[in-house]
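Contents: one structure, followed by commentary.
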Amino acid sequence: MTHIMEDTVGLELDDDVDLNTSIGPEGLGLESIGILEVTVHLEREYDIEFSDEALELLINGTLGEFIDEVVRQRSAVAAGASAENSGSR
């Protein structure tokens, strides 16, 4: 996940960054547009989609919350694919 932030918005993460670090200006320093760039990259890479509500929470959230949301989205996609595969038998 950190490599995506580094590659997408050119953000190098310090050693003191942890899951409680804010994503916004007072933490990682990402503005709304930077967060959107990262989420669009993740949506394309992992075939997931963030709702508007999730994006608003991510903008004001922590790195841990951001990662949790990505994992939740990926799990939902995987569960959908699994259900589709089991239904086609």
Phi angles of region 72-81, converted by Karplus (6.51 cos²θ - 1.76 cosθ + 1.60, θ = phi - 60°) into ³J(HN,Hα) in whole Hz with x for Gly and Pro, give 4, 4, 5, 5, 5, 5, 5, 5, x, 5
HN-Hα couplings for region 38-47 via Karplus (6.51, -1.76, 1.60; θ = phi - 60°), in whole Hz with x for Gly/Pro, come out as 5, 5, 4, 4, 5, 4, 5, 5, 10, 6
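Kindly rank 26-32, 13-19 from highest to lowest mean number of other beta carbons found within 10 Å of each residue. Walk me through the numbers on the way to the answer.
Working: 26-32: 14.7, 13-19: 9.9.
Top of the packing list down: 26-32, 13-19.
Sorted by mean Cβ packing within 10 Å, highest first, what order do the peptides 64-71, 35-42 take? Mind showing how you got there, number by number?
Details: 64-71: 16.8, 35-42: 18.6.
Highest-to-lowest ranking by the protection proxy: 35-42, 64-71.
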Interchain or sequence-distant (5+) residues whose placed amide H lies within less than 5 Å of the amide H of Leu28 are Ser22, Ile23
Along region 16-22, Karplus-curve 3J(HN,Hα) (6.51, -1.76, 1.60; θ = phi - 60°) to the nearest Hz, with x for Gly and Pro, reads 7, 6, 9, 5, 8, 6, 5
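Read the figures in this text as sums done on the coordinates, not as results from a lab. Just so it is clear, the structure is predicted and the values come from calculations on it, not from any experiment. Virtual Cβ from ideal backbone geometry, glycine too; neighbours counted across all protein chains shown.
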